[in-house]
Each structure stands twice: as structure tokens, then as C-alpha cells.
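Notes follow once the structure below has been shown.
Just so it is clear, none of the values below were taken in a lab; they were calculated from the coordinates. A quick note: this is a predicted structure, and the numbers were derived from the prediction, not measured. Methodologically, a virtual Cβ is constructed for each residue, glycine included, from the backbone with ideal geometry; neighbour enumeration extends over all protein chains shown.
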């Protein structure tokens, strides 16, 4: 088993399922201690037990990152437990689709809170520790990986505010990359196409949207969370001299 992240610490948001859980497993397999951040504590505890049974090290951090205080506390708990932070994976996200005309504004606010504000809060809190790890750590490099979407590249009817959040994540990632990469904090965006996760179920209360999503999944051999976890692991295990600014991972049927 490869252990090229031995001695490092990774914090993964949205770690209770899907891409976040798969990424936590993959980074732990590579030797990283992992902080599992999400709201569903029971799921985090199950994942932590699985990782530790396999020989890894995991910390459960129950937190709602849309609350700045909780996001900051999650980073602080991680550093207090492990003494450092080398990798931040901003994975937590919400997808609520539908037309702009007559939309539920509360849904917009929830998406903005999770997809944008939560990412900003965790990133801001993590940056001092990542900069320190890049300067003094064993790898002399640190990583931020922001999980965006194909919806950060292409806009579709009915995806309006979700598109807004993911285009925003892409723009923020590129700006921050230019700010800190020469200090050896690498900042990457990973944009998946269709993945078999809970994301589509966020729209179960909207029959038309859910039907469209269901049709897509029936007609497409979609990705699985491990496919995206592989991408994250690839990004954060590059040599110090190599920075992956953008990784776009698509189902072959969708591309």
C-alpha cells in the first residue's frame, strides 16, 4: 500500500457520504491522518471506525460549516489533535435545481451557504496552517482541493443558482491559486460530471427535476465516488514542483 502521505493531516468536509467519505478512505490509505467533518455524527463515527480498523487514523468533527464559528472550530480541533494541517478538501455541497422564476429563495440561500460561504470559512481558517505546513512540513508543500462540478463550466436551464455557486468556486479557486501557489500551497479545482451520490436526492421533493435526474442516470454509466477520490489523491500526491490547477473528470458516456 502506498504511504506517500505519511505524516500529513487532511481535513475533508462533507465526509459523511459519497465523494467525501471515499476521499477520506483514499487519503487514509495513503498514510494521512484524516479529520472527518460533517453534520451527521453517526455516519462519521462509522467511517472513522472503518478507517481505523484498516490501520488509519481518523478524527470525527461534527460541524455545520455554514456557521463560521463551527467551521473555524473544525479546523482548530483538527490542528489541536494532530498538530498540523497539510490538506484541505472542500467537498461539502448542495444541489437544488429548478427555474429561477418562482423559485424558493430559501433554497438559494441554503446553496450559497454550503457551496460558497462554508468553503470560504474553512479555507480562511485553514490557510495559516497550510502555509505553515508548506514552509516547515516534511513535504514542504500543502494542498487545497475544491470540489466543484461540470456545472462550474457549463450553464443549463434550471441550474441557475447551482451554476452560480460552482462558477464562483472555480473563480475563487483560480484567484487563490495565484495568491498562494508560489508559497507552495497548491490550490486545485476538481470538476466532476455525473457521480452516483446523494446529490440528486436533494431534489426528491421536486418530481419533474427528480424524473430528469433519474432519466440521466438510467441512460448514463455515471462515475462512482472512488473515481473522484482517485482524482483528489492524484492532485495531492504530485511532487512539490507540480501543481494541478484543474481536473475535470467525466463519465465516458457524458463527455
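Of 52, 218, 107, which is the most mobile in a GNM of the chain whose springs link Cα atoms less than 10 angstrom apart?
Evaluated over the chain, the most mobile residue of the options is 218.
Once every DSSP H run of n ≥ 4 in the chain is given -39500 (n - 2.57) and the sum is divided by its residues, what mean residue ellipticity at 222 nm do you get, rounded to the nearest 500 deg cm²/dmol?
Value at 222 nm, helices only: -14000 deg cm²/dmol.
Take the alpha carbon atoms of the range 181-240, find their center, do the same for the range 73-107, and report the distance between the two centers in whole angstrom.
So the separation of the two Cα centres works out to 14 Å.
Express in % the proportion of alpha carbon pairs of the range 9-246 at distances exceeding 32 Å.
The answer is 16 percent, as a whole percent.
Would you list 53, 206, 41, 166 from fewest to most Cβ contacts within 10 Å?
If I rank by nearby Cβ atoms, fewest first, I get 53, 41, 206, 166.
Hey, can you rank 229-235, 240-246 by average C-beta count inside 10 Å, highest first?
229-235, 240-246
What is the packing order of peptides 219-228, 94-103, 122-131, taking the mean over residues of other C-beta atoms within 10 Å and listing the highest first?
Most protected by this proxy first, the peptides run 122-131, 219-228, 94-103.
At residue 234 and residue 157, where each label point lies 7 Å from the Cα along Cα→Cβ, what is the point-to-point distance in nanometres?
Placing both labels 7 Å along Cα→Cβ, they lie 3.4 nm apart.
Give the shape of the range 38-163 as rounded, prolate or oblate, defined through the alpha-carbon gyration tensor: a ≥ b ≥ c are the square roots of its eigenvalues, a/c under 1.5 means rounded, and otherwise the shape is prolate if a/b is larger than b/c and oblate if not.
Because a/c hits 1.5 or more and a/b exceeds b/c, the range 38-163 counts as prolate.
Among 181, 69, what is the fewest-to-most ranking by other Cβ atoms within 10 Å?
Lowest to highest Cβ neighbour count: 69, 181.
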